[in-house]
Amino acid sequence: MAWFRFLLALMLAVLLSYTGVVISNHGLNLLPVFFGDVAEMAWPGQFNLDFAGFLVLSALWTAWRHHFSPLGVALAVVALFGGVAFLATYLLAASYQVKGDTRALLLGRERARA
């Protein structure tokens, strides 16, 4: 679990640093670029479409882990738009809440007990 937590922290630090540079060079103009690449039907658009699928799966898993409660749905919205910045932070915090229990981390405490 220590290596997993290290990986999450590293991913978060690298992504936030990279994002800071991109924002300083290009501003916050993400959505037109993202969907423009998809509309061009080239490899950058294919990558964006693939990534969007991962965002949807991350959001669904987050909502499911919280039994589609209001908190789970709210977290799912953040997951959908937050990407790795959300998921790495969420998993890092959750890994400490479940004291490193991988089953509880992936399933949530209630399902892990069943």
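A convex hull fitted around the alpha carbon atoms of the chain yields 118 Å³ per residue. Each of F54, N29, Y18 was scored by the projection of its Cα onto the charge dipole of the chain, and the greatest displacement toward the positive side belongs to F54; charges sit on the C-beta of Lys, Arg, Asp and Glu. Here is the list for the stretch 78-114: trypsin sites (Lys or Arg not before Pro) lying in DSSP coil, each with at most 15 other C-beta atoms within 10 angstrom of its C-beta, are K99. The relative contact order of the chain, computed from alpha carbon pairs under 8 Å that lie at least 6 residues apart in sequence, is 26 percent.
Hydrophobic long helices, here whole DSSP H runs in the chain with Kyte-Doolittle means of at least 0.0 and Cα atoms spread over 24 Å or more along the helix axis, are found at 2-26, 43-65.
Descending by average beta-carbon neighbour count within 10 Å, the peptides 17-28, 87-98 line up as 87-98, 17-28, the highest first.
Quick note: the coordinates plus some simple rules give every number you see, no bench work behind them. Just so you know, these numbers come straight off a predicted model, no measurement behind them. Note that each Cβ is placed from the backbone with ideal geometry, even for glycine, and that neighbours are counted across all protein chains shown.
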